[in-house]
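Read through the structure below, which is laid out as structure tokens, and then see the notes.
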Amino acid sequence: MTTVNLSFAACGFMGIYHLGALGAILRHGDKLLASLRACAGASAGALVAAVMITSPDKLEQCKEFAYRFAESVRKQRLGAVTPGFDFMLMLREGIEEILPREAHNLATDRLHLSITHSKSGKNHIVSSFSSREELIKALLASSFVPVYAGLKPVEFRGQKWIDGGFTDSLPILPLGRTITASPFAGPQDVCPVHRGCFSAHLRLANMNVMFSVENIKRLNWALFPPPSSTMHSLCEEGFSDALRFLRREAWMN
């Protein structure tokens, strides 16, 4: 089988869809996993890619954190931008809870994170990490949306960085086939199928998204998480869409 990579799109709180998709791949995608070379992602997609590479055994714990994090944001009067709410601190605590001590060794050359330089606006893909702390900072940098998540960009290797979704929201790796996953309907390998959509597509930082009412709603949910029941439904949808992809490619166990 051809060497493959997995890439998870930037999507904020819609990352719960990715966790559902990851669950299907881990449970039913042994044939795919046997040929998996690396994972990539931006923002929430970077976080899910890190889970896949360093701690797939903690998938359920990741889901619980995602639900808890979303609930905390929903409770705030102004969401994540409510004065006194430290979005990045809570995210960091979740990452710390999940990454194993040797995460940086597991991630080097197998995890590719999209980040954006805060001054030049240029994209950078980072795939080597000298320590667990450096990996955490790279993940935080890839997830930092200015104003929404705070005012100071994340410092990483002496420079300041912001969300990788601004410049490359769905990294495609140069070697092998990159399987793409997105919670927005479009041409990606693993994605929802929406009916009654317009044929037009929007291009969002290297990712094509179908222009539809449902996708517009989901873009809003990325920053303003929907109710818990909807989050659980999105997770189940990710699982089902990934299963459909595995069947289509004859990669089911």
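Of the accessible area of the chain, computed with a 1.4 Å probe over protein heavy atoms only, carbon and sulfur atoms account for 55 percent.
The structure-derived value of Kirkwood radius over Cα pairs in Å appears in the list [x] 17.9; [y] 21.4; [z] 20.0 under the label [x].
Return the loop-located trypsin sites (Lys or Arg not before Pro) in the stretch 75-117 (DSSP other than H, G, I, E, B) with at most 12 other Cβ atoms within 10 Å of their own Cβ; answer none if there are none. Taking the stretch 75-117 and a limit of 12 other Cβ atoms within 10 Å, the loop trypsin sites (Lys or Arg not before Pro) found are 77, 101.
For residue 86 and residue 134, what does the FRET efficiency come to when R0 = 22 Å and r is the distance between their Cβ atoms, rounded to the nearest 0.05?
Numbers: r = 21 Å, r/R0 = 0.98.
Here the calculated transfer efficiency is 0.55.
The reciprocal of the average 1/r between distinct C-alpha atoms defines the Kirkwood hydrodynamic radius, which for the stretch 26-161 equals 15.6 Å. Spin-label pair residue 247-residue 97: with each label point 7 Å from Cα along the Cα-Cβ axis, the two points sit 3.4 nm from one another.
Quick check for you: with a 1.4 Å probe and neighbouring chains kept, what is the accessible area per residue of the stretch 1-160, in Å²?
Numbers: 6730 Å² over 160 residues.
Normalised by residue count, the accessible surface of the stretch 1-160 is 42 Å².
In this label model, residue 208 and residue 109 are separated by 3.4 nm, measuring between points 7 Å along each Cα→Cβ vector.
Placing pseudo-labels 7 Å out from each Cα toward the beta carbon at residue 30 and residue 175 gives an inter-label distance of 2.7 nm. If you plug the beta carbon distance of residue 232 and residue 122 into 1/(1 + (r/R0)^6) with R0 = 30 Å, you get a FRET efficiency near 0.20.
The values are calculated or read from the model by the stated rules, or taken from the named source; none is laboratory data. As the structure is a computational prediction, the values presented were derived from the model and not from experiment. We place every Cβ from the backbone using ideal geometry, glycine too, and count neighbours over all the protein chains shown. These accessible areas exclude ligands, DNA and RNA; they are computed on the full protein's heavy atoms, side chains included. Shrake-Rupley method; radii C 1.70, N 1.55, O 1.52, S 1.80 Å.
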